[in-house]
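Okay, so here's the structure we're looking at.
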Amino acid sequence: MSNYNSRKLEGTPNWMRFAPYAALGILVFSLNSTSELNYFWKGYLTILQAQAGIVMLYFAMFKFRQYSKNK
């Protein structure tokens, strides 16, 4: 297997790779900390929001890489 896809990010600093996931974590935490739900519902919503957010980040980063590649 080739590591070609991982080599595309070698020029970017580590904090830039981590930043979208940190922003997602802060968003999920802030949304769930303000809700007045049962602990089980909060946990369930946290898991769902994190999974959906990671999938959306994956596609957004893929789309951004294609857009910047075409320029």
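Could you report the accessible area of L37 in Å², rounded to 10, computed with a 1.4 Å probe on the protein chains as they sit in the structure?
Using a 1.4 Å probe on the heavy atoms, I get roughly 80 Å².
Given R₀ = 35 Å, FRET efficiency for L37-Y67 by Cβ-Cβ distance, to 0.05?
0.40
The values are calculated or read from the model by the stated rules, or taken from the named source; none is laboratory data. Computed from a predicted structure; not experimentally measured. Note that we place each Cβ from the backbone using ideal geometry, even for glycine, and neighbour counts take in every protein chain shown. Accessible surface areas use protein heavy atoms only, side chains included; no ligands, DNA or RNA. Shrake-Rupley method; radii C 1.70, N 1.55, O 1.52, S 1.80 Å.
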